[in-house]
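Data first, discussion second: the structure below is written as structure tokens.
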Amino acid sequence: MATENRSPLRHEPEARLAELLSVRDNLRPPVDIDALIRQYADIEFASFPGDWDALLLTGKQKRPTVIVSSQLQGQKNRRRFTLAHELGHLIIPWFPGTAFCHAENTVHVHDSLISALEAEANRFASELLFPRYWIASLVAGPDRPVANIVVAAAMEAEVSPIVAVIAAAPACDPGTIMFLASESGRVSYPMSSPGTVARVPKEWDDSTRAQISDAGGTVSTADCGASTLVVAQFAIDAVTSQPVGSRSSKEILDAIFKELIEADPCHQRLRPVLNGVIGGANSHRSVEAREMESILLQRFLGLPSLKPVVSHTEWRAFIAAKAEEVCTRRRSKPT
């Protein structure tokens, strides 16, 4: 029988601890976290002032106790993550002891040490309940409906879409971005896989979808209750290159800004921002114009301030000319 591939996708020691625990106890999603944590601590429920999720009590003379907010009894996924978070505090050897906890990333903690410890416990909980080796095996391969897979996996593992997005994005192929979008188009929990060039957009609407498609991206979406999971995957060879005319990129850009500034002089302020994005994209060692064209288009995602420029009819002509100029200059340099 073939052995399961659990090659590590994470290097954080707390995540490796969760993985080792999973291997030792042969855990699979959905993890029976209630039974697991009871091996280490007693569980009680109580009302807390404020919005704390749990209180961990430890002592040398008695068994640890995890007191969970009674408000979580009707919130299954959040309660499960909270218990996994507290288990992380119990197992991570450098955790100092008793603490109030809020097992989500939505609360700002001003003490840097406490904030770091809470983040470590969150990473432990995420890896335990939604292991990256597992989601990586599900999303691997071309032409996969990644959004639907991730939402289905979250339901199977009994975790929230937030946990799924944070864990799944780094396990995807390079060139993947994902985020949650509200009904109004507000983007939250923006994530990208290692090696991804594209920026995650700050808003989700038809124009953003068109930008992604223009940059060689394919989009999959899945409903997850109050929000929609959006996944975009980019392929360099999926970009439709534009013909390069006789005008230089500077000439095209000058014409774009002449028109924009005549409509609103404030648009002049956009040019330094645009030049900064192009400078960052130039750091990628591409020698093919088509690849550079894709990189430039991806880098201009997620910049709503530049929308007047990137929505201009001459924008793609500018990108094609700039990509050709950059690559020609690089090819002419002696090796």
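The values are calculated or read from the model by the stated rules, or taken from the named source; none is laboratory data. Values in this document were obtained by computation on a predicted structure and should not be read as measured data. Every residue, glycine as well, gets a Cβ built from its backbone with ideal geometry; the counts of neighbours run over all protein chains shown. With ligands, DNA and RNA removed, areas are computed over all heavy atoms of the protein, side chains included. Shrake-Rupley method; radii C 1.70, N 1.55, O 1.52, S 1.80 Å.
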Starting at the first residue of segment 198-205, write each ³J(HN,Hα) from the Karplus equation 6.51 cos²θ - 1.76 cosθ + 1.60 with θ = phi - 60°, in whole Hz, x for Gly and Pro. 5, 7, 7, x, 8, 8, 10, 8
Helix axis angle, 76-91 relative to the chain longest principal axis, alpha carbon, degrees: 70 degrees
Determine one quarter of the surface area of the Cα convex hull of segment 293-335, which equals its mean projected area, and express it in nm² to one decimal. 3.4 nm²
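At a 1.4 Å probe, what is the % contribution of carbon and sulfur to the accessible area of the chain?
The C+S portion of the solvent-accessible surface of the chain is 53 percent.
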Kirkwood hydrodynamic radius (Cα pairs, Å) of segment 200-319? 15.4 Å
Mind grabbing the base-10 log of I(q)/I(0) for segment 159-215 at q = 0.19, 0.25, 0.28, 0.30 Å⁻¹? Debye formula, identical points on the C-alpha positions, no solvent, two decimal places. -0.68, -1.06, -1.18, -1.22
So which GluC sites (Glu not before Pro) in segment 118-199 pass both tests, a DSSP loop state and at most 12 other Cβ atoms within 10 Å of the Cβ? GLU183
Take the chain, mark every one of the trypsin sites (Lys or Arg not before Pro) that falls in a DSSP loop and has at most 11 other Cβ within 10 Å, then report the longest stretch left between them, sites excluded. 63-284
Identify, among THR82, ALA121, ILE252, the residue whose Cα sits farthest towards the positive end of the charge dipole of the chain, taking +1 on the Cβ of Lys and Arg and -1 on the Cβ of Asp and Glu, with the dipole about the Cα centre. ILE252
Tell me which lysines have Cα within less than 24 Å of LYS258's Cα, excluding those fewer than 8 residues away on the same chain? LYS250, LYS307, LYS322
Note to self: with every protein chain in place and a 1.4 Å probe, segment 238-334 gives an accessible area per residue in Å² of 53 Å²
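D for segment 113-198, whole µm²/s, Stokes-Einstein with Kirkwood Rh over alpha-carbon pairs at 37 °C and 0.692 mPa s: what number?
The Stokes-Einstein estimate is 243 µm²/s.
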When all C-alpha to C-alpha distances in segment 25-79 are sorted into bins of 5 Å, what percent of pairs does each bin hold, rounded to whole numbers? 4, 17, 24, 23, 18, 11, 3, 0
In whole Å, what is the distance between the alpha-carbon centres of segment 278-335 and segment 191-243? 17 Å
Kindly write out, for segment 15-28 in residue order, the coupling ³J(HN,Hα) from the Karplus curve 6.51 cos²θ - 1.76 cosθ + 1.60 (θ = phi - 60°), rounded to whole Hz, with x marking Gly and Pro. 5, 5, 4, 4, 5, 5, 5, 4, 5, 4, 9, 6, 7, 9
Taking only DSSP H segments of four or more residues, each worth -39500 (n - 2.57), what value at 222 nm results for the chain once the sum is divided by all its residues, to the nearest 500 deg cm²/dmol? -13500 deg cm²/dmol
Kirkwood-based shape ratio for the chain, expressed as Rg/Rh from alpha carbons: 1.07
